[in-house]
Amino acid sequence: MATIEKRGESYRIIVSNGYDINGKQIREKMTWTPEPGMTKRQIEKALNREATLFEERVRHQLTQNGNIRLVDFTEIFLEQYARPNLKKKTAFSYEQTMKVINQALGHIKLKDLKPGHIASFYANLQEEGMRNRCKAMPKVDFAAWMKERKTCKAELSRQTGVSIWCFSQLKNGRGIAQNCAEQICEKLDVPYNKLFIRQHDDTPLKPGTIHTYHRTLSAVLYRAVKWKYIERNPAERADLPSIAHRKAAYLDEPDARRLLELLQEEKILWRTVITFDLLSGLRRAEFLGLRWSDVDLDKQLLYIRQTWNYLPTEGCYADTPKTATSERPLRISRTAILLLLEYKQWQDAQRELLGDAWRDTDGRIFTTEEGKPLFPDTVTNWFTDFVKRTGLPKVTIHSLRHTYASLMIADGTPLVVVSHKLGHAQTSTTANIYAHVIAEAEAKADQTFDRFGDLIAPKGQSTPKQKKAAGI
């Protein structure tokens, strides 16, 4: 039962909450102050109600935990749930996203966090200058700079502890992360402003990005509710910007054909990687993780058994597929098989040419010319450059997966089949992502029965077909 002590104008309510590991009684406390002008009878009634509610909250172990700040609970969430249970890439994404969220909300106690706090944070994210992103752009021609120093990317990576990929970016005139640039300058003892220029991105965040923040925060607070830190998830009632008109970027059939035609002029490695992505609809991590042992060329089947990923904290690593449904056998077209056979001849010739210098270790399908697994972002960057120089519509490597799905839906493939091929856990996921494509396919399907219009339309009224024939 709660104990009540009067302390000046306020009252302290004390409730026993069991004993700690040393046998010491745990006593939960709260202070309640009556509103000005309350009568003695009103105070007594309100105080008893507060004591009862407080005792109930303590009984459900909500009070002490609810006093923890969001930033502190985030660490508990990462250590006790995200890192032990989720994919490395997912846990890393949670960690990075929550760093931004905690800059604004981390000081607030869980029990005090309201939907209004979260809505204000989302509104602030849409203002200019809210991107927490600053790139280091090369100030010099790094290819010439490396030649002058008589060094190479591998040697620079060894000296500085920065990945070879960063030096590839710099050699191609692209920016790298600020901390990597600072590390390079520190290790090489070169002034920052001699090699780099800071470039800030002040564009407002897109609504889709804000929804990503929301999903992360909701997941963290859901766990707080489940673990009895708080009673309700305040993120559930926060207002979000609309993404109703957002569509997945993809190529229509004419542009897809043009893409394939343009690829004929490229090296067989990149022609095969990009074409196979379009023909299979796999995620980037999935097709980069494929080994020849995962493909049955005779039966036209491939098996998604591993993925190939990159994290700044891990480097490149192989992992299991995203979900249970992602680990799936897939039938691929005869065209895709012929493409792989042609590519295999090239790869086998490379292996024979290099001999002991061939760097393959697990029979990977898509490798560099030396046999090493492709670095994931190398594929993304190559395709981005390819799109720019060929004048194709602005799409990304992931857009090829959307193109694969969209063409199937437009061709009348049942949604459950499309969902299986994409490795979605639920058909509803597929339906939500490709709602606009499905709507277009339905509109086209509605025209199927217009072929009977000349027999059914009321007399005296022309069908669209008859009007066209009459030149109306």
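The values are calculated or read from the model by the stated rules, or taken from the named source; none is laboratory data. The model shown is predicted, which means the values in this text are computed figures rather than measured ones. Backbone-built Cβ (ideal geometry, glycine too); neighbour counts: all protein chains shown.
Key figures for this structure:
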| quantity | calculated |
| --- | --- |
| Among the candidates Ala136, Ala144, Ala154, Ala177, residue that is hydrophobic (A, V, I, L, M, F, W, C) and farther than 25 Å from Thr313 by Cβ | Ala144 |
| Candidate set: the stretch 253-290, residues that are out of contact with any helix residue (DSSP H, G or I) (no Cβ under 9 Å at 6 or more places or on another chain) and basic (Lys, Arg); chosen: the one farthest from Ala336 (Cα to Cα) | Lys267 |
| Subset of the stretch 328-356 (residues that are free of Cβ contacts under 8 Å to residues at least 24 places away in the same chain and of a type in the set (A, V, I, L, M, F, W, C)) | Leu338, Ala349, Leu353, Leu354 |
| Close pairs from the stretch 164-178: first over 9 Å from Pro138 (Cβ atoms), partner among the polar types (S, T, N, Q) and crowded, with 16+ Cβ neighbours inside 10 Å, Cβ under 6 Å, at least 6 apart | Ile164/Ser157 |
| Whichever residue in the stretch 27-71 is surrounded by fewer than 16 Cβ atoms within 10 Å (Cβ to Cβ) and aliphatic (A, V, I, L, M) and, among such residues, is modelled with the lowest pLDDT | Leu53 |
| Residue check for Thr275: outside the structural domain of Gly391 (by TED's automatic domain parsing), under 30 Å from Pro373 (Cβ atoms), part of a helix (DSSP H, G or I) and polar (S, T, N, Q) | no |
| Residue tally, condition without any contact (Cβ under 8 Å) to a residue 60 or more places away in the chain and of a type in the set (Ser, Thr, Tyr), over the stretch 209-257 | 3 |
| Flag for Leu260 being without any contact (Cβ under 8 Å) to a residue 40 or more places away in the chain and either surrounded by 22 or more Cβ atoms within 10 Å (Cβ to Cβ) or not assigned by TED's automatic domain parsing to the domain that holds Ala324 (or both) | no |
| Residue list for the stretch 1-21, filter: in contact with a helix residue (DSSP H, G or I) (Cβ under 7 Å, 6 or more places away or on another chain) and modelled with pLDDT under 80 | Asn17 |
| Any hit, the stretch 302-317, residues being under 25 Å from Gln264 (Cα atoms) and either in the same structural domain as Cys180 (by TED's automatic domain parsing) or out of contact with any Cys (no Cβ under 7 Å at 6 or more places or on another chain) (or both) | yes |
| Cross-chain or 6+ apart pairs with Cβ under 6 Å, the stretch 182-201 first and over 17 Å from Trp145 (Cα atoms), then of a type in the set (Lys, Arg) and surrounded by 15 or more Cβ atoms within 10 Å (Cβ to Cβ) | Gln199/Lys135; Asp201/Arg131 |
| Condition check for Leu290: under 30 Å from Ser93 (Cβ atoms) and modelled with pLDDT of 95 or more | yes |
| Among the residues listed as Arg232, Arg223, the single one being over 24 Å from Asp377 (Cα atoms) and touching a helix residue (DSSP H, G or I) at 6+ places or on another chain (Cβ under 6 Å) | Arg223 |
| Residue ID - farthest from Pro204 (Cα to Cα), chosen from residues in the stretch 238-272 that are of a type in the set (Lys, Arg) and part of a loop (DSSP other than H, G, I, E, B) | Lys267 |
| Counted residues, the stretch 121-180 - those being at pLDDT below 90, hydroxyl-bearing (Ser, Thr, Tyr) and not in a helix (DSSP H, G or I) | 1 |
| Search result, residues across the stretch 181-208 that are charged (D, E, K, R), surrounded by 13 or more Cβ atoms within 10 Å (Cβ to Cβ) and in a helix (DSSP H, G or I) | Glu182, Lys187 |
| Those residues of the stretch 70-118 which are aromatic (Phe, Trp, Tyr), under 15 Å from Leu221 (Cβ atoms) and within 16 Å of the chain's Cα centre (by Cα), in sequence order | Tyr94 |
| Qualifying positions in the stretch 368-424 - more than 16 Å from Glu286 (Cβ to Cβ), in a loop (DSSP other than H, G, I, E, B) and of a type in the set (Gly, Ala, Ser) | Gly371, Gly391, Gly412 |
